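Colleague: Before I ask anything, let me first share the structure, which is written out below as structure tokens.
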Amino acid sequence: MEMQRMRSVCLPVLAACICLAAGAAPPDDSTLYARLGGEPTVSKVITRTIERAAHDPRTQRSFDGVKLATVEASIVQQICSISGGGCKYEGETMARAHQSLNIRASEFDALVDMLREEFDAAGVSAGAKNELLKQLAPMKRDIVPAG
Ligand code: HEM
């Protein structure tokens with residue numbers, strides 16, 4: 001009996017010590033970032049979305065001459081940051097990044113549709129996808145000059 005109690009107390013403490021010693025926080029599956037599939041899925045979804053947006057006639061004009069890989073990496077970092085993935089977003093504000101592009105509401109909506117489709121194609125749950133989209137929606141007022 002006493003042995004069992006020792007085990008139930010010591011094992012979790014030991015596990016925490018090993019994690020701390022390894023310098024790694026235990027993975028937190030409760031974050032939105034984790035529910036989105038973490039780095040592999042977010043990276044894949046953003047790469048596919050931006051590649052599509054750069055070729056889709058509804059959105060392509062803004063991406064002329066833009067280094068797609070750089071934009072993709074920056075958006076992945078931003079999503080990681082706002083969804084609890086522990087990254088620090090180091091890019092421009094949304095207003096500054098898009099100000100010279102004069103993006104229309106129809107272009108914004110088309111890109112969000114592509115993003116939604118790519119999250120679906122990657123098998124991300126509707127709950128996680130919608131939670132992220134809800135966080136991105138208010139950015140529209142900074143990205144689309146006329147609102
Ligand atoms: C919620 C929607 C959007 C988000 C979260 C978003 C996010 C971002 C981020 C994080 C960057 C990089 C900023 C930096 O590294 O300093 C960026 C750049 C860019 N975005 Fe967006 N964006 C969105 C909508 C759009 C739309 C609708 C378009 C065009 C149809 C667009 C076109 C671009 C382009 C062309 C760049 C590169 C600008 C440059 O390098 O000068 N974005 N965006």
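Colleague: Go through the residues of the range 99-110 one by one and say whether even a single one is of a type in the set (Val, Ile, Thr), part of a loop (DSSP other than H, G, I, E, B), crowded, with 17+ Cβ neighbours inside 10 Å and near the ligand (Cβ under 10 Å from one of its atoms).
Modeller: yes
Colleague: Return the total of residues in the range 71-96 being near the ligand (Cβ under 7 Å from one of its atoms) and open to solvent by 50 Å² or more (accessible area, probe 1.4 Å).
Modeller: Matching residues across the range 71-96 total 1.
Colleague: Taking the residues in the range 47-66 that are surrounded by 14 or more Cβ atoms within 10 Å (Cβ to Cβ), without any contact (Cβ under 8 Å) to a residue 60 or more places away in the chain and of a type outside the set (Asp, Glu) as candidates, determine which candidate is nearest to ASN102 (Cα to Cα).
Modeller: SER62
The values are calculated or read from the model by the stated rules, or taken from the named source; none is laboratory data. What you see is a predicted model, and the numbers here were worked out from it, not measured in a lab. Ideal geometry is used to build each Cβ from the backbone, glycine not excepted, and the neighbour counts take in all protein chains shown. Ligands, DNA and RNA are excluded from the accessible area calculation, which covers all protein heavy atoms including side chains. Shrake-Rupley method; radii C 1.70, N 1.55, O 1.52, S 1.80 Å.
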